[in-house]
Amino acid sequence: MPVSRRTFLKFTAGAVSCSAFTGLGISLAPAMAQAEILKFQKTTITTTVCCYCAVGCGLLVHTADEGKGRSVNVEGDPDHPVNEGALCAKGAAMRQMAENKARPPKPMYRAAGAKEWKEVEWDWAYAEIAKRVKAERDASFTLKNSKGETVNRTETMVSLGSAALDNEECWSYQAIQRALGLVHIEHQARI
Amino acid sequence: MTNYWEDISNSDCVLMMGCNPAENHPISFKWVLRAKDKGATLIHVDPRFTRTTGHCQLSAHLRSGSDIAFIGGMINYILANKLFFADYMREYTNASFVVGSKFSFKDGLFSGFDAKKKVYDKSTWAFEMDANGVPVRDDSFKNPRCVLNLLQKHFERYTLDAVTAATGTSKEDLLAVYKAFASTGTAERSGTIMYAMGYTQKTVGVQNIRSMSIVQLLLGNIGVAGGGVNALRGESNVQGSTDQGLLANILPGYIDVPKSSFAKYEDWVKASTPVSKDPKSVNWWGNKPKYIASLLKSMYPEATLEEAFQMLPKVDAHRKMTDYFWLNIFERMHKGEMKGLFAWGMNPACGGANAQKNREAMGKLKWLVNVNLYENETSSFWKGPGMKPESIKTEVFFLPCAASYEKEGSVTNSSRVVQWRYRGPHPLNNVKPDGDIMLELFKEIRGMYEKDGGAYPDPIKALNIADWEEHNEYSPRKVARLLNGYFLKDVTINGTTYTKGQQVPSFAMLQADGSTTSGCWVLCGMQPAADKHLGMRRDKTATEMQANLSMTPNWAWAWPVNRRIIYNRASVDATGKPFAPQKAVIAWKDGKWVGDVVDGGGDPGTKHPFIMQTHGMGALFGPGREDGPFPEHYEPMESPLKKHGFSNQRVNPVAYLLPTEKLAIADAKFPHICTTYRVTEHWQTGLMTRRQEWLLEAEPEVFCEMNPALAKSIGINNGDRVLLSSPRGEVNAVAMVTERIQSFTIMGKEVHQIGLPWHYGWVTPNFGGDSANLLTSSVGEPNTGIPETKAFMANVRKA
Amino acid sequence: MGKMMFIDLTRCTACRGCQVACKQWKSLPGEATRNTGTHQNPPDLSFNTLKLVRFSEPKVDGKLHWLFFPDACRHCLEPPCMGQANLDDEGAVIQDEATGAVIFTDKIANADAEAVRTACPYDIPRPEKDGKMSSKCDFCIDRISNGMKPSCVHVCPTGCMNFGTEEEMRALAKTRLEEVKKHYPQATLGNDDVRVMYLFAVDPKNYSYNAVAEAAPTGPMTRREVFASLAGKPKA
């Protein structure tokens, strides 16, 4: 008997629809196998590593619509040598980190003295931030310090973060900040 | 970590101190319990009874901020009872080195102290050198100035009575822990130390770790399976972000930032590169010129090394490095000296010590850019508690970014294992991966400099972003190639010619003349071919010897050179025979090394094992730190005591301290010792986890743990609302009255310990309470500048 | 033979991976909770919380213990809930032949929810707040029918939660009891007429009011009333 998506949703609420079954003592395996297939149907599986502590547990991410949809299941990677499929509460909840209505869809800007955010476009945000960075850099740039030594830096801009970025991003990020002349580059490892 | 997570299971004794792995690194506990299954003794030393404690056969109740007294007592116990691993200590540590006659220690102060500047002249701690420039050794240990004798003299003051008075731990518990851990001071047995922020977030943080390193060196526990000094890192890539130099004092690969006193590239290279005259000392940092050159070439491939050096910003040589660190940045920001702030994936409004000061400081910026998954207390500081938005002029940009599994790239875990993460779904709402955000923003800035010119545009124009981009998008795979490094021209090394553009196979092939790139030399070898990133490997095959240690050398890749236990050369004797054959890490067999990738290479007995140390020896005496070559007990900056039992030097004399900082020292208004911590269900400031209902339902709001006697004395019942206060601020919390927290008797005086988690913030949930860091103080450790958020004084009363 | 779960409480760290993994697999909503002076949260099992780690901190022989009890349906070999619910509707509760899983169907809506809960020796089923359904753990029947472990077992880091054939689990329980007794002389296994068997380090009453079920009541009291009268008050 085919199991509809609606029926499957009932499984997830903790009570199984009995429409698939005729009575007591029946083996549920065939119907359940179909339910299983439904849950994972047309999903792609990718591996990831937990975004929280540095134990570095492996996870499997099931993404719907052959990778074009959203993640529908995230659980521990049983092949991973460190966690062997296990996760703590945070790792187990990882899907809610990504699939969350509270994630702002667009950049936001708060003007001086404003009481609220304003949604803005990416291009506008880049252009406005760039203007401010350049203005501050140009105003503060120091070629020589009080002792006359070459320093080629700006002291009035600060960067804090980020231990949650990937290695590649961290490296690019420090390169950008140093190219801008920042010396105040700090992150989570300092606290 | 010197070792790796699975290796904890190889230990005979697991000492967990300054950490709470069952709650904060829960999957590590898989391996901790496997050690226990195999017969290991588990020990937890902590102010609280936590989810870790119940699983340990031994536990000791320790006052926050008295770790050095505790471990100092262990060092004394080991030395007095001669429980060290004598061969290891003599051959592999600097125990026999003779310290110069200028060194002294009196009443809490080491020689060379400048009371006015609050710095030490470290030259007074130097070793005595022979005519060849090699440290003088006394293998008979008769010279009173040899390290072992100085160590013994220093720590013989750490008697059980003195330690008990400082720590509040009973003598019985002290002895039980000392005895259990010291039992690993034999060839066959090993003990490991797991630590986290309970060690580091103190004004003596580095010396806490030093003291445990001394124990491990005495017992022969470094470089061996089931041993090591293991920092449990708290962020998925805080190992990697540190490797990539996101700090004011280091560039990628732990290269010191250039100082203003270096006029030329060669000045910098010379000052950064240690020299050893001992033929057996590998002195790996002697290779630094190659790593510096390759780093500069990865940033500025078209520039000469001299030009690239000029383009790097310099810190002032005449200022303390801590001036550039976090606490001083916020001090200067608070004074209005900082104008722009990027808070990229970070929430300093909750995560930094003295959080109210940080929040006020941000109101003095011209602009703030916050990149994050969610709106948070930093992005929205201007509408937080007590803020008047109309009077705050700071412009704020919030840029939403992709989640960790909506992009690809690598992260490095605490075992130094670099693992590739793949993209699952595309970023929600078409927000962008951080890499794209930074690249697009940088291109915008660069465009303006190209069009309009501006102050010193050279480094902006010259920065090598061509190696970051593919199809106009940020390409982590391409950047990874650069982190590993490639040849900039054809180079012949030992008869093999590497062609221009080819990946550098290992950091041994990096060049000092600018013919190679390598963004981060420790990662060289991770991507030996353009399409081969070893962090992607999922192969669990291992030799029998490796499998015996639960080592999976073909799963992903560990820096350096896929070595899984660093300093592993210390696990074998001079003939290459493992000290502990039943859990051998490496062994010399049929003319070659087998097992893990050996440290240092060459035949057995030809190299000292501690290859990153200039003299090749484990540092019982550590003359490089700002606050002394030996650890010494000082009180936390805030404590219930005006005077402690070890000296008249109440606190670390060189700690980072601002004259303006309000402190509670033996102050009746703030009578309780307070500490902060985490719970399993939240992470760091809770910015991400407070948004997740599966986690929030389990730990919905800030609580304050206190013992029943204290609760009773101030009329508090379990579940009541309480108000915690310190000289910096107040936090409203739910009282959790529990026997798991007990009072201490310190120097004959009863004091209570209280504590609270620091995961909460006013943005969400609206009833959840605010950051514990509103209470903590911005005093810092002298080497690292890390704030002392794990030991401070507070009051608690009914709200 | 069917399947069985063995929960070795001497290995539980209350990481609550199981509590969350259950919700993740079933996409169950979180609950609006407050901290009431305990880490145990949500405070109780509910229609949307099928797995709950209970916390207690008793002193046993003068020594403080912090005990954790991952609570959920025991999948009784002869489930009283089935007997009760099926009085109202024959298909309300079924037992899977292959695994032994005890499963509420959507016909549970036709059963007297309070009576079903009362029938349970472990006080597990919970009614829907504004509806007629009841729910409880279904042994992850979809997963186990496809060769996967239940979510709570798959996620468990320490070897506290185990899953396998009845034979394997009973053997593991016996072995572990012997090992654990060396350190915890009071160690004991819980009820064995169930498919979720616990190993307790100390007297089960210290863990939770419903940790074990007493023998079937002979008097007018239901089983639930029996253990309510026997058990100490849960704390923290």
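Key figures for this structure:
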| item | result |
| --- | --- |
| Per-region count, the range B:352-371, residues within 9 Å of chain A (Cβ to nearest Cβ) and either open to solvent by 10 Å² or more (accessible area, probe 1.4 Å) or modelled with pLDDT under 95 (or both) | 1 |
| B:LYS202 of a type in the set (Lys, Arg), out of contact with any helix residue (DSSP H, G or I) (no Cβ under 8 Å at 6 or more places or on another chain) and either part of a helix (DSSP H, G or I) or buried (at least 22 other Cβ atoms within 10 Å of the Cβ) (or both) | no |
| Count of residues meeting criterion [in a helix (DSSP H, G or I), crowded, with 23+ Cβ neighbours inside 10 Å and at the interface with chain A (Cβ under 7 Å from one of its Cβ atoms)] in the range B:423-438 | 3 |
| Every residue from the range C:139-165 that is over 30 Å from B:HIS25 (Cα atoms) and at pLDDT 95 or above | C:THR165 |
| Count of residues meeting criterion [part of a loop (DSSP other than H, G, I, E, B) and either at pLDDT below 95 or open to solvent by 50 Å² or more (accessible area, probe 1.4 Å) (or both)] in the range B:97-125 | 8 |
| Those residues of the range B:760-772 which are crowded, with 24+ Cβ neighbours inside 10 Å and either modelled with pLDDT under 95 or within 14 Å of B:GLU697 (Cα to Cα) (or both), in sequence order | B:TYR760 |
| Candidate set: the range A:80-95, residues that are at the interface with chain B (Cβ under 7 Å from one of its Cβ atoms) and farther than 20 Å from C:LEU28 by Cβ; chosen: the one farthest from the chain's Cα centre (by Cα) | A:PRO81 |
| Positions within the range C:131-141 being closer than 21 Å to C:LEU52 by Cβ and open to solvent by 10 Å² or more (accessible area, probe 1.4 Å), in sequence order | C:GLY131, C:MET133, C:CYS137, C:CYS140 |
| Options C:LEU50, C:LEU45; residue that is within 22 Å of C:THR105 (Cα to Cα), in contact (Cβ under 8 Å) with a residue 60 or more places away in the chain and either among the aromatic types (Phe, Trp, Tyr) or in contact with a Gly (Cβ under 7 Å, 6 or more places away or on another chain) (or both) | C:LEU50 |
| When residues of the range B:373-400 are limited to those that are in contact with a Gly (Cβ under 8 Å, 6 or more places away or on another chain) and open to solvent by 10 Å² or more (accessible area, probe 1.4 Å), the one farthest from the other protein chains (Cβ to nearest Cβ) | B:MET387 |
| Among the candidates C:ASP106, C:ASP88, residue that is open to solvent by 10 Å² or more (accessible area, probe 1.4 Å) and at pLDDT below 95 | C:ASP106 |
| Matching option when the condition is within 21 Å of the chain's Cα centre (by Cα) and among the basic types (Lys, Arg), among B:LYS749, B:LYS798, B:LYS790 | B:LYS790 |
| Any hit, the range A:59-67, residues being within 7 Å of chain B (Cβ to nearest Cβ), within 25 Å of B:GLY686 (Cα to Cα) and open to solvent by less than 10 Å² (accessible area, probe 1.4 Å) | yes |
| The range B:320-351, residues that are hydroxyl-bearing (Ser, Thr, Tyr) and open to solvent by less than 10 Å² (accessible area, probe 1.4 Å) | B:TYR324 |
| Per-region count, the range B:687-722, residues without any contact (Cβ under 8 Å) to a residue 24 or more places away in the chain, within 11 Å of chain C (Cβ to nearest Cβ) and in a helix (DSSP H, G or I) | 3 |
| Identity of the residue in the range B:141-195, among the β-branched types (Val, Ile, Thr) and assigned to a strand (DSSP E or B), that ends up nearest to B:ASP12 (Cα to Cα) | B:THR192 |
| In the range B:478-508, the residues that are out of contact with any Ser or Thr (no Cβ under 7 Å at 6 or more places or on another chain) and more than 22 Å from B:PRO560 (Cβ to Cβ) | B:LYS478, B:THR492, B:GLY495, B:THR497, B:THR499, B:LYS500, B:GLY501 |
| Residue ID - farthest from the other protein chains (Cβ to nearest Cβ), chosen from residues in the range C:27-66 that are in contact with an Asp or Glu (Cβ under 7 Å, 6 or more places away or on another chain), closer than 25 Å to C:MET5 by Cβ and not in a loop (DSSP other than H, G, I, E, B) | C:ARG54 |
| The range B:458-478, residues that are touching a residue at least 60 places away in the same chain (Cβ under 8 Å) and open to solvent by 80 Å² or more (accessible area, probe 1.4 Å) | B:ARG477 |
| Matching residues, the range C:67-85, being open to solvent by less than 30 Å² (accessible area, probe 1.4 Å), part of a loop (DSSP other than H, G, I, E, B) and either of a type in the set (A, V, I, L, M) or more than 26 Å from C:MET161 (Cβ to Cβ) (or both) | C:ALA72 |
| Residues of the range B:547-596 that turn out to be over 27 Å from B:GLN244 (Cα atoms), surrounded by fewer than 19 Cβ atoms within 10 Å (Cβ to Cβ) and not small (Gly, Ala, Ser), as a count | 10 |
| Odd one out for A:ALA175 among (1) surrounded by fewer than 16 Cβ atoms within 10 Å (Cβ to Cβ); (2) within 25 Å of B:ALA462 (Cα to Cα) | (1) |
| Pairs, first on the phi > 0 side of the Ramachandran plot in the range A:41-54, second open to solvent by 30 Å² or more (accessible area, probe 1.4 Å), C-beta under 7 Å, six or more apart | A:LYS42/A:ASP65; A:LYS42/A:GLU66 |
| Residue within the range B:287-294 that is touching a Ser or Thr at 6+ places or on another chain (Cβ under 6 Å) and within 14 Å of another protein chain (Cβ to nearest Cβ) present | yes |
| Residue check for A:ALA125: facing chain B (nearest Cβ under 7 Å), open to solvent by less than 20 Å² (accessible area, probe 1.4 Å), more than 21 Å from B:PRO348 (Cα to Cα) and not aromatic (Phe, Trp, Tyr) | yes |
| Meets criteria (open to solvent by less than 10 Å² (accessible area, probe 1.4 Å), facing chain B (nearest Cβ under 7 Å) and modelled with pLDDT of 95 or more) for A:ALA98 | yes |
| Single condition C:ALA119 does not satisfy, out of (1) over 30 Å from A:CYS57 (Cβ atoms); (2) open to solvent by 30 Å² or more (accessible area, probe 1.4 Å) | (2) |
| Hits in the range B:480-501 - residues which are surrounded by 21 or more Cβ atoms within 10 Å (Cβ to Cβ) and charged (D, E, K, R) | B:ARG481 |
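The values are calculated or read from the model by the stated rules, or taken from the named source; none is laboratory data. Since we're looking at a predicted model, the values are computed, not measured. Cβ: placed from backbone, ideal geometry, glycine included. Neighbour counts: every protein chain shown. These area figures cover heavy atoms from the full protein model, side chains too; ligands, DNA and RNA do not enter into them. Shrake-Rupley method; radii C 1.70, N 1.55, O 1.52, S 1.80 Å.
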